[in-house]
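Let me begin by presenting the structure, written as structure tokens, before commenting on it.
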Amino acid sequence: MRTLAIGFAALAWVWLTTMSAGAAVSVEIVNFGTFTARMTSFKDNPNDPTGRVGVADDIHLVEQTDRLCARLGVQFGIRFKLVAPSSTGVVPLRIVTRFPPEGIVNAKGRRFADIESTQILLPGAETVELYGFDEPFELVAGVWRFEIHHAGRKVAEQRFTVATHCGIS
């Protein structure tokens, strides 16, 4: 299940604000790995393998790593920062979590290759994008990718190697 950081959803109302034309926009990945987060609520989302998205706060990095074990309860992802001139205004970013090639097949038999969301940030703002293993069908080994896109181009990516047989090299 994908987890949204609380606080930035309130910026959605400024979606109609236009960005400065030609402003240079990039994303800095501040840290990545396993996280803890306090779930505050859930929202139905048919485009998520579990059918819902969690909203969280009190998010903390546990371990900076790009290798992890597929176990129920593990949450992993990225903390990132929007780098752009302050005159840019709000910037929409498309966040894509790509699953390993075989994808995730949920309990209803639906296959997912990826999930997408949009976050709208101000220059200098930091946010977190997490994925948590809440259901057994989500425990898929392979390379998972968190991608951030702006204006049709990928501006950042973080890969994670997920193993189901942990402790074995």
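The values are calculated or read from the model by the stated rules, or taken from the named source; none is laboratory data. Everything numeric here is computed off the predicted structure, so don't read it as measured data. Cβ placement follows ideal geometry from the backbone for every residue including glycine, while neighbour counts extend to all protein chains displayed. What goes into the accessible areas is simple: the full protein's heavy atoms, side chains included, and nothing from ligands, DNA or RNA. Shrake-Rupley method; radii C 1.70, N 1.55, O 1.52, S 1.80 Å.
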Single residue of segment 84-117 satisfying the filter (hydroxyl-bearing (Ser, Thr, Tyr) and under 21 Å from Leu130 (Cβ atoms)) that is most open to solvent (accessible area, probe 1.4 Å): Ser117
Go over the candidates Arg67, Arg52, Arg71 one by one and state the one that is modelled with pLDDT under 95 and among the basic types (Lys, Arg). Arg52
With criteria (1) assigned to a strand (DSSP E or B); (2) surrounded by 15 or more Cβ atoms within 10 Å (Cβ to Cβ), Glu63 comes up short on (2)
Only one of Pro123, Pro46 is part of a loop (DSSP other than H, G, I, E, B), touching a Ser or Thr at 6+ places or on another chain (Cβ under 7 Å) and more than 20 Å from Thr164 (Cβ to Cβ). Can you tell me which? Pro123
So which residues in segment 22-35 are surrounded by 12 or more Cβ atoms within 10 Å (Cβ to Cβ) and either touching a Ser or Thr at 6+ places or on another chain (Cβ under 9 Å) or within 19 Å of Leu139 (Cβ to Cβ) (or both)? Ala23, Val25, Phe32, Gly33, Thr34, Phe35
Working carefully through the options Arg111, Arg67, find the one that is without any contact (Cβ under 8 Å) to a residue 40 or more places away in the chain and more than 22 Å from Ser26 (Cα to Cα). Arg111
Would you tally the residues in segment 70-83 being in contact (Cβ under 8 Å) with a residue 60 or more places away in the chain and either in contact with a strand residue (DSSP E or B) (Cβ under 6 Å, 6 or more places away or on another chain) or open to solvent by 70 Å² or more (accessible area, probe 1.4 Å) (or both)? 8
